[in-house]
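In what follows, a structure is listed as structure tokens, so that the remarks can point back to it.
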Number of protein chains: 2
Amino acid sequence: MSTRSGIGTGIRVAALLVLAGLLVSCSGAGNKSGTDIAALMKERKLTDQDVVAALKTYTPTGRTDPYVMFSSGGHSGQVIVIGVPSMRILKYIGVFTPEPWQGYGFDNGTKAMLANSSPKGHELTWGDTHHPALSETEGDYDGQYLFVNDKANARIAVVNLQDLVTTQIVHSGILKSDHGGAFVTPNTDYVIEGGQYPAPLDGSYAPLDQYDEKYRSAVVFWKFDRAAGRLDPSRSFAMELPPYMQDLTDVGKLASDGWCFINSFDTERSHGGIQQGQPPLESGASQNDMDYLHIIPWKKAAEVAAVSGNTRTIQGMRVIPLEVSLREGLLYFVPEPKSPHGVDVTPDGARLCISGKLDTHETVYSWAKIKSLIDAGKFDGKDPYGIPILPFQDAIDGQVELGLGPLHTQFDGHGYGYTSLFIESKIARWSLGDLKLVDKIPVHYNIGHLSIAGGDTEHPDGHYMVAMNKWSIDRFKNVGPLLPQNFQLIDISGPTMQLLYDMPIGLGEPHYAQIIKADKVKAIEMYTPVGTDPLTHQEDPSATTDEKDARIVRNGRIVDVYVTLVRSHLVPDNVTVRKGDTVRMHLTNLEQAQDATHGFCINDYDINLSMEPGKSTDVTFVADRAGVFPYYCTEFCSALHLEMAGYLLVRPS
Amino acid sequence: MSTRSGIGTGIRVAALLVLAGLLVSCSGAGNKSGTDIAALMKERKLTDQDVVAALKTYTPTGRTDPYVMFSSGGHSGQVIVIGVPSMRILKYIGVFTPEPWQGYGFDNGTKAMLANSSPKGHELTWGDTHHPALSETEGDYDGQYLFVNDKANARIAVVNLQDLVTTQIVHSGILKSDHGGAFVTPNTDYVIEGGQYPAPLDGSYAPLDQYDEKYRSAVVFWKFDRAAGRLDPSRSFAMELPPYMQDLTDVGKLASDGWCFINSFDTERSHGGIQQGQPPLESGASQNDMDYLHIIPWKKAAEVAAVSGNTRTIQGMRVIPLEVSLREGLLYFVPEPKSPHGVDVTPDGARLCISGKLDTHETVYSWAKIKSLIDAGKFDGKDPYGIPILPFQDAIDGQVELGLGPLHTQFDGHGYGYTSLFIESKIARWSLGDLKLVDKIPVHYNIGHLSIAGGDTEHPDGHYMVAMNKWSIDRFKNVGPLLPQNFQLIDISGPTMQLLYDMPIGLGEPHYAQIIKADKVKAIEMYTPVGTDPLTHQEDPSATTDEKDARIVRNGRIVDVYVTLVRSHLVPDNVTVRKGDTVRMHLTNLEQAQDATHGFCINDYDINLSMEPGKSTDVTFVADRAGVFPYYCTEFCSALHLEMAGYLLVRPS
């Protein structure tokens, strides 16, 4: 498992520093800082290449990163925000999993948001985030919103990039899993959520021997209302799909604008049953040499869905039935080899690149050819559900032999595609021009997705690529059987790819990430005016914007407590209620200094809120236990932070 | 807010690289890697000092860090494991907050552990970790266990460093908050948990006008059974303390072995009541010039507690009442200025260093003088609760003027103390020999604790120091009103302190950290034999160690499902139950390859487990909803990971 074989360089650091004009007279051993660089390189066993990599990534204090990566956190249920090239984690954003440091899932607003997106009777406290999608304007990231899916429970979340806070979670009710989300159309008209494991769309029970008839998949097109910053279920729709396991999605742009693409595996409709003598899914779903890329004109589908009578409402979602899709020309297949995983549209929208997990090639489809075949009605038969199949050979520009286990492809905007090779633990760089393999670089180990700055947009930035490796094994100090993932930063600006940095991910299991220019993300410094509700960015009607208005208001068994926080006290600081009272606390942080965040926790009552400067929020609880319960600020806010405390007294009667 | 003023250096990197013998003939512009170092330094605006810092921290792929830092996560409720000097996060350990990536709080064992440590009727889903304490042998970290407190709910957790998994959480029931935990005695006989905000020890209600009579604090001495790896409540005891707000704890060693020290603030017994005309706690607790350091002979206290009749049992915990402590000589005070925060025992155990938040000095107490005063019974009166007070001037060696807002002190083993200055945003280095300020370095910003490798043990390693800054403001790309904390790595091996690295903490609000030599932490690579329960490190009686034994066993309405996981299938992969059945799943990961972790989730049922290689665990749920629920492996484990899935079918009847 050599780590250096991918880096061929003949640099001589010293020589180049001399060129840089830094050479000055040398007074021999020892210097003012007590540091001898030669000894340091020797002591830390740094090669010349290491020095280059260090200088390409080290970011001095106060200097900010030029790029920001938004990575899914996998089954941690969060989104991770990382500075590039320093590869420092700037924030974990709570999305599907409650997180107390952010107070996420603890205040009334976020608690209700999580509960309302959960199935009845089962409050979900986690999610399996896979594919973050930055909002786009004209095919490029605009830095306004981020969408991300929960594969395990088929939900889509909206994160507002003004403050990096999750503000909405939707659940269609028709899907059980949504590996194919989230992906946006070039102007973020729709956020696309493709299903994976088929099941009856109405949520009912059906035995597995009715798989072919009653199990279905679907793709949901969530209408995004950019002005409101929200997905609008009433203007959203879905399309019924056959019971194959749909996988990744990508959306056309420029030449292919108006279309979207979803690949699939298990067109064999295998569904396990090992103990009943059936093959396990891993082999049952790998029998056919080809599965089907789903080709969908989403703009046309939206028009069809808008016509009364064309949709059936299932679980509250308007669904275009398969027969309507066939009648209206909304769904076409083209074969794709073998056990396909990634489908990636080139920046110009003219080609689709498909990786088959069990093929050694990247298959490059021509959008022009596909479109001509569709327009000409030239099909190679139909699948069992009547969906027309385009002829494979007529649809492709060619195939590039890359290596073992190709998964995903990104683009650098300079004519190259980069494809992750899971089984080989490498990334292949290949030329879009002549479909030739150019270079490979080893990664450590078992790479899933890869991410290039802007690498899935119309205008990739190139320069930085991150290999999102699933296994790290020997890369870091062993921290037990559960190991971190390994993000490896690779410089792709030169003629050969250069490994720069290994970054462990010690919480979560990222799948995909997008890298955006940092200056496109314009986060606010505080909530203004004081009393703003982060979920609406409007003034909270329950806010208390002056300490003098902090108060306790009783109405029968309901006690409203209007609390202000400012360094270093809470008002009120003594609150007495009776056992059984419903206590509604309305809190406002009066600070208008950046970083002057307070926390608010109550002993034993499982409450902790994060109160950023200017923020207002609420928490409601029943004081069902008598006693004395200290509350205090949980953010170290001032020298007298420990004194920022009060007492909740719950009288027995 | 200059960032460089603390780094005085005359280094000339190039010159030193020349010295290092790296200079070779130079072919002018351009080189094999396409990288021009001079251009790189210019482009990235790196100074000579930056280059040195980069080379002191950059850790090439596959190279592991020589030190590991265990940091509390504050109100994220977790512990963060960080490599030093690379400052990369290796892991977040779930402690008080459920965390789905680790399956923590999702399987039966960890779910029960969290529930059992919660007050009745209020399941706690977070904690406020403050002070991690590595287990010690003869006053030095031994790398076996880590203890950490939950200040908000007065709990102590035990983390097993074999696998970095939390295995026990205890709650005494007598404390409401425990800022003064966790601290260990030199051989980890006891883990000490000091209280903070007073309340009736029996958990009852008492109005605030009975504060002096009915409110109390306490310190709990948890007996640690090292062989069992568990705290033993039945052999633990507590001491009643007056209703002051106890703050930090430290434990004597060598000269002061057998004693522990707890400081306090609010000896004024102020407790808020702003709206009733009382001063806020921040001023009410800051009226006296001196509060009291609590001096306790813990070995003697353990002997006293062992004698029948000396303790009262409150909430199941044996408590030594104040009058017994006074009778037996278990509690002494010495005044400490002003609004004291940190108390830190020097490596030789001969001195105690106390920082007063509102004083500009570090006050250095002599243990020998304190001990002589106690032995001679030389007291300066008593506090209102009858506790003897030692004369301040006779107890100290001196005071060092350091600056504004001193909080905490650590030691480098080379004769220096390092004290964080919150208000000044600096660290002061001062000489233990002559009690003189030597140097200061600015930090960014609002430093709380600081941590030096081994800096609170008998044998500090020195070299690396981390400033744990509470505010970061302008140090990183703005990610919204809620900003990361900032850990700054500082090289203290030279004559001047040198800032090396800024590390954002994007999840959690760390308070304290300990830095241990990496080779002392010997984590296992997998669970062996297959079928091991991580909570006991014993074979799980419900484990299934052979795929052939995977099975579904029905007993009335209880269905036991014995599941095996191995790349890339689950057995059984189809499970049918009836609505209302109680399903008990017993899962075993058959893998014995490092990093071959599987996940296990069930759609809609809020279940996600982490199955590290060889691990066995259980999850129980009621199948209270009919339908089709896919389950799958949530860890990307192989090229056919998506095919590692199955169906739970819940029949309506």
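FYI, it's all coordinate maths here, none of it is from the lab. The structure displayed is predicted, hence computed values, not measured ones. Positions of Cβ are generated from backbone atoms using ideal geometry, with glycine treated the same way; all protein chains shown enter the neighbour counts.
If you take all other residues with their beta carbon under 11 Å from the beta carbon of residue B:298, and give Lys and Arg +1 and Asp and Glu -1, the sum is -1. Per-residue ellipticity at 222 nm, computed for the protein assembly as shown from helices alone with -39500 (n - 2.57) per DSSP H run of at least four residues, works out to -2500 deg cm²/dmol.
To the nearest 0.05, what FRET efficiency results for residue B:434 and residue A:39 with a Förster distance of 22 Å applied to their C-beta separation? The value I calculate is 0.10.
Our summary gives chain B a relative contact order of 10 percent, counting only alpha carbon pairs under 8 angstrom and 6 or more residues apart. For the stretch A:74-162, the Cα gyration tensor yields ellipsoid semi-axes of 23, 15, 12 Å (square root of five times each eigenvalue, largest first, whole Å).
Modelled label positions at residue B:257 and residue B:579, each set 7 Å beyond Cα in the direction of Cβ, lie 6.8 nm from each other. Based on the Kirkwood radius over alpha-carbon pairs, what value in µm²/s does the Stokes-Einstein equation return for the translational diffusion coefficient of the stretch A:36-108 at 25 °C and 0.890 mPa s? This corresponds to a translational diffusion coefficient of 164 µm²/s. Taking the three principal axes of the alpha carbon atoms in the stretch B:500-628, the coordinate ranges are 62, 32, 26 Å, sorted in descending order. Annotation for residue A:115, label-to-label distances across the other copies: 2.0 nm (shortest first, one decimal, point 7 Å from Cα along Cα→Cβ). Here the convex hull built on the C-alpha positions of the stretch A:305-456 has a volume of 152 cubic angstrom per residue.
With viscosity set to 1.306 mPa s at 10 °C, what whole-number translational diffusion coefficient in µm²/s follows for the protein assembly as shown from Stokes-Einstein and a Kirkwood radius over Cα pairs? Each step should come with its number before you reach the end.
On the way: Rh = 31.9 Å.
D, rounded to a whole number, is 50 µm²/s.
Taking other Cβ atoms within 10 Å as a rough exposure proxy, B:611, B:317 sort from fewest to most as B:317, B:611. Ordered by the number of other Cβ atoms lying within 10 Å of each residue's own Cβ, fewest first, A:61, B:496 fall into the sequence B:496, A:61.
If you stretched the chain out fully between residue A:323 and residue A:275, how much longer would it get, using 0.36 nm times the residue separation minus the C-alpha to C-alpha distance? Intermediate results must be reported in sequence, preceding the final value.
Working: separation 48, 0.36 × 48 = 17.28 nm, distance 3.56 nm.
Additional length available on full extension: 13.7 nm.
If you take the beta carbon distance between residue B:122 and residue A:315 as r and set R0 to 35 Å, what does 1/(1 + (r/R0)^6) give as a FRET efficiency, to the nearest 0.05? FRET efficiency, residue B:122 to residue A:315: 0.55. A crude spin-label estimate for the pair residue A:414 and residue B:225, with each label 7 Å from Cα along the Cβ direction, gives 6.4 nm.
Working note: Karplus 6.51/-1.76/1.60 with θ = phi - 60° gives the stretch A:252-257 the couplings x, 8, 6, 3, 9, 4 Hz, where Gly and Pro are set to x. Which whole-number percentage describes the relative contact order of the stretch B:536-653, with Cα contacts under 8 Å and a sequence gap of 6 or more? RCO, the stretch B:536-653: 27 percent.
By how many nm would the segment from residue A:548 to residue A:517 lengthen if fully extended, with 0.36 nm per residue of separation less the alpha-carbon distance? Write out the running numbers ahead of the final one.
On the way: separation 31, 0.36 × 31 = 11.16 nm, distance 4.41 nm.
The residue A:548-residue A:517 span can extend by a further 6.7 nm.
Think of the axis that spins chain B onto A; the B residue whose C-beta lies nearest it, and the distance in whole Å, is B:54, 2.
Sorted shortest first, the separations between the residue B:380 label point and its copies elsewhere in the assembly read 9.4 nm; each point sits 7 Å from Cα along the Cα-to-Cβ line. If R0 is 30 Å, the Cβ-Cβ spacing of residue B:288 and residue B:399 corresponds to a FRET efficiency of close to 0.95. Ranked from shortest, the separations from the 7 Å Cα-to-Cβ label point of residue A:538 to its equivalents in the other copies are 5.9 nm.
Quick check on the stretch B:380-497: take the gyration tensor over C-alpha atoms, sort the square-rooted eigenvalues as a ≥ b ≥ c, and tell me if it's rounded (a/c under 1.5), prolate or oblate. Each step should come with its number before you reach the end.
Details: a/c = 2.34, a/b = 1.48, b/c = 1.58.
Note, shape of the stretch B:380-497 comes out oblate.
Taking each of A:522/B:91; B:45/B:477; A:45/B:517; A:299/A:436 in turn, the alpha-carbon distance tops 25 angstrom for A:522/B:91; A:299/A:436. According to the Cα-based calculation, Rg over Rh for the stretch B:119-233 is 1.02, with Rh computed by the Kirkwood formula.
Summing charges over neighbours of residue A:568, with a neighbour being any other residue whose Cβ is under 10 Å away from its Cβ, gives -1 when K and R count +1 and D and E count -1.
So if I take the centroid of the Cα atoms in the stretch B:304-366 and the same for the stretch A:218-271, what is the distance between those two points in Å? So the separation of the two Cα centres works out to 64 Å. Taking label positions 7 Å along the Cα-Cβ direction at both residue A:138 and residue A:303, the computed distance is 2.5 nm, reported to one decimal. Using the alpha-carbon positions of chain B, Rg (one decimal) and Dmax (whole number) come out as 27.5, 87 Å. Structural descriptor for the stretch B:49-98: relative contact order 29 percent, calculated from alpha carbon pairs under 8 angstrom and at least 6 residues apart. Under a 5 Å amide H cut-off, with hydrogens placed 1.01 Å from N, residue B:183 pairs with B:192 among residues at least 5 apart or on other chains.
The ranking of B:312, B:429, B:351 by Cβ neighbour count inside 10 Å, starting from the fewest, reads B:312, B:429, B:351.
Amide hydrogen proximity for residue A:570: with H placed 1.01 Å from N in the peptide plane, the residues at 5 or more positions away or on another chain lying under 5 Å are A:645.
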